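To start, the structure under review is shown below, and the notes come after it.
The values are calculated or read from the model by the stated rules, or taken from the named source; none is laboratory data. Keep in mind it's a predicted model, so treat the numbers as computed, not measured. Cβ: placed from backbone, ideal geometry, glycine included. Neighbour counts: every protein chain shown.
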Amino acid sequence: MARRLRRLALACLVLLCVFVLAAGLAVARMLPRRLEQWNVPRVRERPAAAPAPPLPAASGAGAASGAAAAPGASAAGPGVTPAGLQAVLAGLLSASVLGPHVGMLVTNLATGQVLYARGATAGFTPASTTKLATAVAALQVLGPAARLRTEVVTGPSGVAGGASSIVLVGGGDPTLTAGRPPAATYPQPASLAQLAARTASALRRGGRDRVTIGYDTALFTGPGMAPGWTAGYVATGNVTPISPLEVDQGRLTPGGAPEDADDPSNSRPRTTVPGPDAARAFAAFLAADGIRVVGAPVAVAAPGGAQTLASVSSPTVAQMAGQMLVESNNVIAENLARQVAIAARQPASFSGAATAEMTALRRLGVTGVHLVDGSGLSPDDQITPAALVRLIGLAASPGRPELREAITGLPVAGFSGTLAAGGSVFGETGQAAWGVVRAKTGNLDTVTALAGIVAARSGQLLSFAVMADRLRARALNAAGAQIARVATALAGCGCRGGG
């Protein structure tokens, strides 16, 4: 009996081995096809190309750019000549779609040598290229590591009904959200939901569970809309009236609630009352956290010397400047401009912010800038191509690391922000520009402008600004496409001799 069981066990083991081998062969035959479905990348068998040079790292300053000469670069750069640029750019800039007022400046980023100039010192309506000026001024005056705080403080005493009084104080954080934003949002902003939770904890520690809520928007002064702005800017989702207390940059859901998301594609009308909307959202969060809110929030002035119950802080100025540039975010621009005014002891209004910005830029050697706002929405702003190139050079300078976000935050052609495909009227750059043009876009109904850095085909870094502000009606899309061709031409040309 035992012998028969051993034979049966041996037969089963043999059958199991045969099954395993057969299964292994089947899997082995199938495996290469599965790997092909993963589309594993392959490396070409060819010599690696030399990388393009990074931003110059040597010391010194160029006459126009503020950047240093890269080792081994000739005065005109490797392969790029003024004559070559003239041959490549003249026809593109003479296109009738750009209108009669066109300006451009191209310089060697490393040395500041002018390689091409047309109307470079003339004033143009800059549209959102103004945000380059705002970024540089904010980074210089406030510092890249600075943050903005939104606070809840104790309110006036003697409130009827035994409720405690608290005040929500706007600190000018343009990235503040109402609810918690998606986890993938970068930079991750502070929220009123966080602030309410911290406030509720502080109130409970003090034995309080009933409050009245006031809100204080006194940090900023003057009107919420700049000279030259129209009500259509709010109705088309470009901006909300500027207030030191707002959430989600005034963006709303179809139902009229704060959107709780950084959504540059939202073109719905924004709120016209950002401060009251934010206060109502805060009251709702506080009630959800178990604090009874008596009455509706009211506008008040926070008492002097009030105790801070809770606070939340914005991302850094550098992070906000980068977000402003890549999205062309008007609300962030205007809030940063007013923070510059506060630091400079100017009124935190449109005029005070413009004065503070221009003063800060003049101290950096930037002239040719006349502002009435910080975002470029106003057609009354004026900037020269030379001033934009100077701003770019300062931000790229090894001696100005605090300004670097004004370069690294710029949209990248074919990949990010307003230079991504479909991201703006400039979004259809040619393949030669993809990844090598990094620039700030700007457009109004009759204005196109683009300013930034491009690596030419030779690898040389060029700084450039091109502006046209007298477009025919309904010519914006075609003009933006033409400016995109200019940027593509800079990236793709050898620009030596005849181009």
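This table checks each residue for (1) in the same structural domain as THR217 (by TED's automatic domain parsing); (2) among the small types (Gly, Ala, Ser); (3) assigned to a helix (DSSP H, G or I); (4) farther than 30 Å from ILE166 by Cβ.
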| position | (1), (2), (3), (4) |
| --- | --- |
| MET324 | no, no, yes, yes |
| VAL331 | no, no, yes, no |
| ILE342 | no, no, yes, no |
| ALA360 | no, yes, yes, yes |
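What is the residue count in the range 101-125 for residues that are outside any loop (DSSP other than H, G, I, E, B) and small (Gly, Ala, Ser)?
2
Select from the range 248-301 the residues that are in a strand (DSSP E or B) and within 25 Å of the chain's Cα centre (by Cα) and list them in ascending order.
Within the range 248-301, LEU252, PRO258 qualify.
Taking the conditions exactly as written (surrounded by 18 or more Cβ atoms within 10 Å (Cβ to Cβ) and part of a helix (DSSP H, G or I)), does VAL234 satisfy them or not?
Judged against the criteria, VAL234 is a match.
Give the residue that is modelled with the lowest pLDDT, with candidates limited to residues of the range 159-179 that are farther than 23 Å from VAL317 by Cβ and among the β-branched types (Val, Ile, Thr).
VAL159
When residues of the range 149-175 are filtered for being farther than 19 Å from ALA299 by Cα and touching a Pro at 6+ places or on another chain (Cβ under 7 Å), how many remain?
Counting residues in the range 149-175 that are farther than 19 Å from ALA299 by Cα and touching a Pro at 6+ places or on another chain (Cβ under 7 Å) gives 1.
Which one is surrounded by the fewest Cβ atoms within 10 Å (Cβ to Cβ), of the residues in the range 90-100 that are part of a helix (DSSP H, G or I) and either in contact with a Gly (Cβ under 6 Å, 6 or more places away or on another chain) or in contact (Cβ under 8 Å) with a residue 24 or more places away in the chain (or both)?
Taking the candidates together, the pick is VAL97.
What pairs can you find where one residue is in the range 447-458 and of a type in the set (S, T, N, Q), the other is in a strand (DSSP E or B), and their Cβ atoms are less than 6 Å apart, with a gap of 6+ or different chains?
THR448/ALA468
Hey, any hits in the range 133-140 for a residue that's crowded, with 17+ Cβ neighbours inside 10 Å and at pLDDT below 95?
Going residue by residue through the range 133-140, those that are crowded, with 17+ Cβ neighbours inside 10 Å are 133-140.
Filter once more, keeping what is at pLDDT below 95: none.
The answer is no; no qualifying residue exists.
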